[in-house]
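To start, the structure under review is shown below, and the notes come after it.
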């Protein structure tokens with residue numbers, strides 16, 4: 001570290017220019033990072049629904065419909081004209097209506113009253129036409145906007161693509177809105193807690209530059225998810241500011257001792273590097289656990305956050321010393337008294353109430369653990385409210401055509417009799433309202449060679465027959481998932497191989513993959529942080545106590561949903577389990593490290609009182625920044641997934657703070673002898 005500090009201090013202008021140029025380049029590169037708004041894209045390639053979708057695209061040339069467009073007061077001929085105009089919109093790759101099922105000729109020559117009403121009613125009812133369309137990934141926002149302009153106020157559009165479009169429209173603006181609110185709040189907290197008006201700006205410049213570099217370097221990883229795009233910058237900023245505070249406080253201490261600025265910075269870099277590295281290590285381990293998920297959203301978010309924390313660490317240890325020395329006159333010229341009150345008396349007060357708080361925590365730990373283990377999760381992307389345009393459109397379509405959740409079954413081609421029997425069985429299933437296939441629309445007794453390619457191509461490819469099922473379930477939930485299982489079981493009775501695509505099939509696969517993934521992530525995060533704590537304290541007991549403290553806060557945080565009857569999206573659970581553990585265990589490390597140091601010279605209660613009095617303010621500042629970051633996310637985001645994550649982060653950080661300053665001291669004092677016997681370092685006092 002000595003050689004690095006000499007190099008940085010001796011070439012501070014070059015260091016500043018190097019980072020400034022890197023930041024500018026990454027701002028430019030960030031514009032070329034595509035953002036994915038489809039969680040289904042992150043399913044493993046071997047997932048049944050992924051295989052089904054890829055097979056259908058290869059065999060039939062289009063994916064399953066991801067939007068429904070309803071036209072009011074139109075004749076069949078007008079509906080056909082609208083269908084052609086929809087296909088002309090950039091991003092719309094396919095459109096399916098009644099003519100694709102019964103044939104254009106039949107539609108133009110046969111009155112609708114003489115056709116199968118179960119088929120007609122899925123596409124045309126009461127003068128309204130319902131067209132199923134597929135919109136290309138990445139073009140949802142523009143395509144949905146063009147479709148709304150085409151159909152006007154009287155038309156409606158709903159479906160997965162509309163959810164995706166809503167995410168595209170909201171994500172960038174809401175991230176900027178969150179930052180616009182959060183940065184002034186953080187500045188206020190830092191101004192209150194520091195002794196200079198300029199220092200908080202240096203903190204934000206240092207971490208902000210690391211955030212920009214992180215965003216720009218995503219170009220080397222290809223696309224990122226909208227969750228990563230919305231959450232990563234805010235989390236990186238919130239969890240990394242401590243590093244800058246550590247360095248600045250150490251620098252200030254050495255200057256007060258009379259060292260020249262350059263020498264004070266070298267000493268500060270040497271002293272604080274271990275503390276910053278230890279803090280970054282626990283956060284990195286928590287985020288790194290996400291990478292082991294089979295569901296790709298974990299890897300996407302995990303690798304981005306790990307990279308962000310490491311870049312923040314580099315920015316603080318390399319760029320900030322140079323920037324601080326370059327701005328030392330500005331820092332000195334803007335000194336002010338500390339506005340944060342003295343917390344020295346807080347230690348004595350917290351010690352008085354430690355036993356009741358410990359008993360309360362122990363009483364809550366088991367029921368909260370059991371409660372959070374019984375949580376059910378949502379996996380879908382329905383992010384809009386009922387009062388939004390998308391919500392009103394969906395309700396309007398459902399009022400006329402009923403709830404519609406489409407599944408597409410692919411079975412091997414070549415057995416018309418088995419196909420017809422299967423369709424009859426599928427039609428008898430609960431929640432299946434209509435089955436459209438070659439056998440139901442045309443008749444299995446009529447060879448497909450007698451029909452035009454336009455009509456037969458909707459149902460037959462070279463290797464597969466396509467069966468479209470209309471169900472009246474939500475896209476997820478027990479009814480939807482039991483229907484998926486029933487369809488698969490029915491197909492298995494006739495074919496050795498079958499493939500099922502559709503939104504419910506995708507969410508069914510998510511439900512089977514994600515819970516196992518979250519357990520893996522939790523185990524890896526806990527094991528990794530246990531090892532970091534073991535190496536930090538050289539103790540067998542302290543890692544257990546610190547993990548118990550933070551894990552209890554996590555259990556209490558998540559159990560709120562169980563006791564209030566709420567259902568979270570799985571992403572909130574996934575992220576908070578690693579973020580709350582990886583980021584807030586630092587509070588426990590800071591307090592424990594200070595206590596162990598003081599315990600060498602003072603009795604245990606006095607040592608803890610001094611440790612609390614000297615460190616509550618530091619822990620409070622860090623917790624306030626992270627907690628308010630979560631509150632800002634929840635308050636500014638219309639995306640329910642992001643808002644839920646914000647609530648969990650806000651509440652979870654506050655709970656971790658309470659556990660660390662109220663419960664951990666009682667554990668450390670009560671188990672003082674056990675800690676001494678299981679820790680390598682020895683103390684001089686009993």
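Read the figures in this text as sums done on the coordinates, not as results from a lab. Just so you know, these numbers come straight off a predicted model, no measurement behind them. Here Cβ is always computed from backbone atoms with ideal geometry, including for glycine, and neighbour counts include all displayed protein chains.
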| More than 16 Å apart: what percent of Cα pairs in the stretch 278-328 qualify? | 49 percent
| note | Dimensionless Rg/Rh of the chain, both radii on Cα and Rh by Kirkwood, sits at 1.07
| request: Considering Cα pairs under 8 angstrom that are at least six residues apart, work out the relative contact order of the stretch 391-508 and quote it in whole percent. | output: 41 percent
| message | What distance in nm separates the two pseudo spin-label positions at residue 45 and residue 13, each 7 Å out from Cα along the beta-carbon direction? | response | 5.2 nm
| query | In the stretch 464-494, which residues have a backbone nitrogen under 20 Å from the label point lying 7 Å from residue 428's Cα in the Cα-to-Cβ direction? | reply | 467-472, 482-494
| task | Can you pull the one-decimal nm distance between simple spin-label points at residue 492 and residue 259, each 7 Å off the Cα toward Cβ? | result | 6.9 nm
| In whole angstrom, how far apart do the alpha carbon centroids of the stretch 12-61 and the stretch 486-544 sit? | 23 Å
| request: Considering Cα pairs under 8 angstrom that are at least six residues apart, work out the relative contact order of the stretch 61-165 and quote it in whole percent. | output: 46 percent
| message | Using the Kirkwood formula on the Cα atoms of the stretch 391-508, what hydrodynamic radius do you get, in angstrom to one decimal? | response | 14.8 Å
| From a point 7 Å beyond the Cα of residue 403 in the direction of its Cβ, which residues of the stretch 483-519 have a backbone N at a distance under 11 Å? | none
| How big is the stretch 334-384 by Rg and Dmax over its Cα atoms, in Å? | 21.0, 54
| How high is the FRET efficiency from residue 342 to residue 192, r the C-beta distance, R0 22 Å, rounded to 0.05? | 0.95
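Evaluate the relative contact order of the chain (contact order divided by residue number), counting alpha-carbon pairs under 8 angstrom at least 6 apart; express in whole percent.
19 percent
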| query | Over all distinct Cα pairs, what is the inverse of the mean 1/r for the stretch 61-165, reported as the Kirkwood hydrodynamic radius in Å? | reply | 13.9 Å
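Provide the gained length on full extension for the span residue 355 to residue 673, in nm with one decimal, where the gain is 0.36 nm per separating residue minus the Cα-Cα distance.
Here the segment from residue 355 to residue 673 would lengthen by 112.7 nm.
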| request: Could you check how many percent of all C-alpha pairs in the stretch 523-630 are farther apart than 25 Å? | output: 30 percent
| message | Please rank 294, 148, fewest neighbouring Cβ atoms within 10 Å first, as an exposure proxy. | response | 294, 148
| field | Peptides 655-663, 195-203 ordered by average Cβ neighbours within 10 Å, highest first | value | 655-663, 195-203
| message | Taking the number of other C-beta atoms within 10 Å as the exposure measure, put 523, 587 in order starting with the fewest. | response | 523, 587
| request: Could I get the Rg over Rh figure for the stretch 626-679? Both from C-alpha atoms, Rh via Kirkwood, rounded to two places. | output: 1.32
| request: Among DSSP beta bridges whose residues both lie in the chain, state the antiparallel percentage, nearest 5. | output: 90 percent
| What is the pair-distance distribution P(r) of the stretch 207-315, computed from all Cα-Cα distances in 5 Å bins starting at 0, with each bin given as a whole percent? | 2, 13, 20, 20, 15, 11, 8, 6, 4, 2, 0
| task | Evaluate 2.2 N^0.38 Å with N set to the residue count of the stretch 104-179, then give the Cα radius of gyration divided by it. | result | 1.55
| Burial ordering of 173, 324, 636, fewest other beta-carbon atoms within 10 Å first | 173, 636, 324
| query | Roughly speaking, what is the centre-to-centre gap between the stretch 216-238 and the stretch 602-619 when only Cα atoms are used, to the nearest Å? | reply | 38 Å
| query | Which Rg and Dmax, in Å, describe the Cα atoms of the stretch 246-384? | reply | 22.2, 60
| remark: What helix-only [θ] at 222 nm does the chain give? Using -39500 (n - 2.57) per DSSP H run of at least 4, over all residues, to the nearest 500, the answer is -22000 deg cm²/dmol
| query | Once the mean 1/r over all distinct Cα pairs of the stretch 114-241 is inverted, what Kirkwood radius in angstroms do you read off? | reply | 18.7 Å
